[in-house]
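Reading through the structure tokens given below for one structure.
Read-outs: derived from the displayed coordinates by stated rules, not from any lab. Keep in mind the model is a prediction, meaning the values are calculated, not measured. With ideal geometry, Cβ positions are generated from the backbone for all residues, glycine too; neighbour counts draw on all protein chains shown.
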Amino acid sequence: MDVGRSARGSRPRPRAGRARPRGVPGPDAAVPALSWIGDERIAISSVPPAAAVASLAARGVTHVVNCRPRADVWWAGDLAAERAVFGAERVAHAPMQDHGLRQRPAAWAAAACFAARVLDDQPQAGVLIHCTAGRRRSAMVGYAVLRLRGHDRTGAAALVLRYRACAELVPAYVRSVERWLATAPR
């Protein structure tokens, strides 16, 4: 029997830990859960629906880093909604696919620097970093921001994983950050 099928063989069983199928709302689909990373003023979440972006400011968000690919943000309109609500100067785009391979710094490094600079310069700022599910790309950029702000590898990883329970720090993504930090002029 195929392990991906039910005992009756009619439809595949959802695997534990799998994301909800696209278009199927979760328990609070109108507003995604923000996971604030300790006292760092960094929140990680899934993509907020365009209609819910305006409510983010009331939850402490002043700046946004969107880690979704160009086609996705064009199709869903989330990046445009974020720029309309917060202003283009308060929103950075780190267009990445979630493929589990090395992430080119050209796609995400400027956004990580933007977030670190905002947090350093504006003591009241709160930066939301999101991708589609809020698990891998946003966790990587959150990790990079923490590293830029002086946390060591272990400490940065522990913070992300402690406060965003569903986060996964993909080894290839972490290596991308560490290689960039070792070679990038600051």
Seminar exercise, completed: Counting only DSSP loop positions in the stretch 82-145, the trypsin sites (Lys or Arg not before Pro) whose Cβ has at most 14 other Cβ atoms within 10 Å are Arg102
Seminar exercise, completed: So for R0 = 22 Å, FRET eff. of Ala51-Arg149 from the Cβ-Cβ r, to 0.05, ends up at 0.10
For this session: Once you have the Cα-Cα distance between Ala84 and Arg117, take 0.36 nm times their residue separation minus that, and quote the gain in nm to one decimal.
Result: 9.7 nm
Exercise. For the pair Leu181 and Arg162, how long in nm is the line joining their label points, each one 7 Å along Cα→Cβ?
Worked result: 1.6 nm
Exercise. Want the number for Ala58 to Gln124: 0.36 nm per residue separation, take away the alpha-carbon distance, what's left?
Worked result: 22.4 nm
For this session: Would you mind working out the magnitude of the charge dipole of the stretch 34-102 relative to its Cα centre, with +1 at each Lys and Arg C-beta and -1 at each Asp and Glu C-beta, to the nearest 20 Debye?
Result: 80 debye
For this session: Using a cut-off of under 12 Å, list every residue of the stretch 137-179 whose amide N is near the label point 7 Å from the Cα of Arg102 along the Cα-to-beta-carbon line.
Result: 172-173, 175-179
